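The next block holds one structure in the form of structure tokens; read it before the comments.
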Amino acid sequence: MPEGDVSMAEESNNGSGLDYIMSLEDVPSKLPPHLELFKTRVLCNNDAPVHTETIQYSGAYATLGVDNSVRLDNFCENFKVEVKRLTDSDMEFDLIGIDPAIANAFRRILISEVPTMAIERVYIANNTSVVQDEVLSHRLGLVPIRADPRLFEYPENAGDDKNEKNTIVFKLHARCRVGQPRITVKSDKLKWLPNGSELPCEDVRSNAGSKPKTFTSFTCSQDSLPEFSGNSISVTYPDIILAKLGPGQEIELEAHAVKGIGRTHAKWSPVATAWYRMLPEVVLLEDVVDEVADELKNKCPANVFDIEDFGKGNRRATVARPRDCTLCRECIRGGKEWEDRVSLRRVKHHCIFTIESTGALPPEVLFTEAVKILEDKCERVITELS
Ligand code: SF4
């Protein structure tokens, strides 16, 4: 064996053979540009997007000497969260350096696994309105409740015991007197009862003299608990229409809210919606000038392009607002020449994530709760495997 081959074999035996190969001039240390493009971008062609898959296999580029394995230190170095917009009810932020599958996991957890409080049982004492009991109960179930679900227990853990730790009780009493005009019953009519139910659940006459049994068994008032001090419970929006009452009609009921998740029923979903999209990238493949630049600018309904003057009355198109691109593909329609001018791409590992909360919890808290749930799931998997 020649001398050089001996030293290479020795290095391979020491576990540093790859270093030796990488040091050779004709072995690339990173992917060639076209493979890098296919790995990191979705190319949005006129007919369909291509290279939509994410390449996970660690040995995918082994023949090129490029290691494709996921490394925790690389992930920590590259991963970033940038909040772009934050209000009481919605948030837009960028998840950078993350696989879209993980972003999708957060989306699914937000919709169906982060718990909230929602009305589950409705005890109707009187309903002479035109809205049937079932329809009214369904409408009540969909009214968002402003109460932190982390302070409550799931009702299934408590059996039939409806106590201050697992139930929120609201009362609604509305009446339209004879001779009055029609009235609209809105969600602000739901009044929180911190001491629990007031409706007797058995015949009062059979228990004459003793305090009637109600539908809950609170041991104390909820507003006396430290976790609720300064944190009053109410509906999130006071102006949701529940029913309309004509003269002589009346609704009297009690609504009991419990903790649950959106997978059981959409009323427990904490988000109106949660979605993500990959960061759009719009690249001009050639200089687009003068009238063609004007035409390109006018083609785009999202106003992504601007016109820049580069002296002597010459004008060219620039990509000013790529983030606003909706991928409608209008700019590459109209013939092959347009496809040769503009390349539409999506950055695979840069997700623009949007959360619209229903109001139970602020959107930033919802996301941290989703992260905790995914963390728990990962821990469960690791425990099962070990
Ligand atoms: S795909 Fe549509 S929104 Fe995006 S740059 Fe082209 S025309 Fe504008």
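The values are calculated or read from the model by the stated rules, or taken from the named source; none is laboratory data. Because the structure is predicted, anything quoted here is derived from the model rather than measured. Cβ coordinates were reconstructed from backbone atoms using ideal geometry, including for glycine residues, and neighbour counts include every protein chain displayed.
Assess whether ARG345 counts as being surrounded by 14 or more Cβ atoms within 10 Å (Cβ to Cβ), in contact with a Lys or Arg (Cβ under 6 Å, 6 or more places away or on another chain) and within 16 Å of CYS44 (Cα to Cα).
Values: surrounded by 14 or more Cβ atoms within 10 Å (Cβ to Cβ): yes; in contact with a Lys or Arg (Cβ under 6 Å, 6 or more places away or on another chain): yes; within 16 Å of CYS44 (Cα to Cα): yes.
Considered against the rule, which asks whether it is surrounded by 14 or more Cβ atoms within 10 Å (Cβ to Cβ), in contact with a Lys or Arg (Cβ under 6 Å, 6 or more places away or on another chain) and within 16 Å of CYS44 (Cα to Cα), ARG345 comes out as yes.
Suppose we keep only residues that are in a loop (DSSP other than H, G, I, E, B) and more than 28 Å from the chain's Cα centre (by Cα) within the stretch 234-259. Which one would you say is farthest from the ligand (Cβ to nearest atom)?
GLY248
Note on the stretch 270-284: residues that are small (Gly, Ala, Ser) and in contact with a helix residue (DSSP H, G or I) (Cβ under 8 Å, 6 or more places away or on another chain) total 1. Any residue in the stretch 34-50 that is over 30 Å from the mean Cα position of the chain (by Cα) and farther than 30 Å from SER187 by Cβ? Among the residues of the stretch 34-50, at least one is over 30 Å from the mean Cα position of the chain (by Cα) and farther than 30 Å from SER187 by Cβ, which makes the answer yes. Select from the stretch 296-340 the residues that are more than 8 Å from the ligand (Cβ to nearest atom) and among the aromatic types (Phe, Trp, Tyr) and write down the one among them that is surrounded by the fewest Cβ atoms within 10 Å (Cβ to Cβ). Result: PHE310.
So is GLU198 surrounded by fewer than 17 Cβ atoms within 10 Å (Cβ to Cβ), assigned to a loop (DSSP other than H, G, I, E, B), at negative phi and modelled with pLDDT of 85 or more or not? Reasoning before the result, please.
Working: surrounded by fewer than 17 Cβ atoms within 10 Å (Cβ to Cβ): yes; assigned to a loop (DSSP other than H, G, I, E, B): yes; at negative phi: yes; modelled with pLDDT of 85 or more: yes.
Against the criterion (surrounded by fewer than 17 Cβ atoms within 10 Å (Cβ to Cβ), assigned to a loop (DSSP other than H, G, I, E, B), at negative phi and modelled with pLDDT of 85 or more), GLU198 qualifies.
Within the stretch 17-35, which residues are surrounded by 13 or more Cβ atoms within 10 Å (Cβ to Cβ) and either at pLDDT 85 or above or among the polar types (S, T, N, Q) (or both)? Within the stretch 17-35, LEU31, LEU35 qualify.
Against the definition (more than 25 Å from LEU366 (Cβ to Cβ) and either surrounded by 20 or more Cβ atoms within 10 Å (Cβ to Cβ) or among the polar types (S, T, N, Q) (or both)), how does THR128 come out, yes or no?
Values: more than 25 Å from LEU366 (Cβ to Cβ): yes; either surrounded by 20 or more Cβ atoms within 10 Å (Cβ to Cβ) or among the polar types (S, T, N, Q) (or both): yes.
Judged against the criteria, THR128 is a match.
Note on the stretch 341-384: residues that are within 16 Å of the ligand (Cβ to nearest atom) and out of contact with any helix residue (DSSP H, G or I) (no Cβ under 9 Å at 6 or more places or on another chain) total 1. Filtering the stretch 41-63 to residues that are under 21 Å from THR326 (Cβ atoms) and in contact (Cβ under 8 Å) with a residue 40 or more places away in the chain leaves ARG41, VAL42, LEU43, CYS44, ASN45, ASN46, PRO49. The residues of the stretch 290-338 that are within 29 Å of the chain's Cα centre (by Cα) and either of a type in the set (S, T, N, Q) or more than 26 Å from GLU92 (Cβ to Cβ) (or both), listed by number, are ASN303, THR326. Filtered by the rule that a residue be surrounded by 14 or more Cβ atoms within 10 Å (Cβ to Cβ), more than 15 Å from the chain's Cα centre (by Cα) and away from the ligand (no atom under 14 Å from the Cβ), the stretch 260-289 gives GLY260, LYS267, VAL289. Counting only helices (runs of 4 or more DSSP H) that sit completely within the stretch 51-150, those holding 3 or more residues that are in the same structural domain as ASP324 (by TED's automatic domain parsing) and modelled with pLDDT of 95 or more correspond to 100-112.
For a quick check of your reading of the model, give me the residue pairs whose first member lies in the stretch 224-237 and is aliphatic (A, V, I, L, M), whose second is in a loop (DSSP other than H, G, I, E, B) and at pLDDT 80 or above, with beta-carbon atoms closer than 6 Å and at least 6 apart or on different chains. Close Cβ pairs (under 6 Å, with a partner that is in a loop (DSSP other than H, G, I, E, B) and at pLDDT 80 or above) amount to ILE233/ALA147; VAL235/VAL143; VAL235/LEU190.
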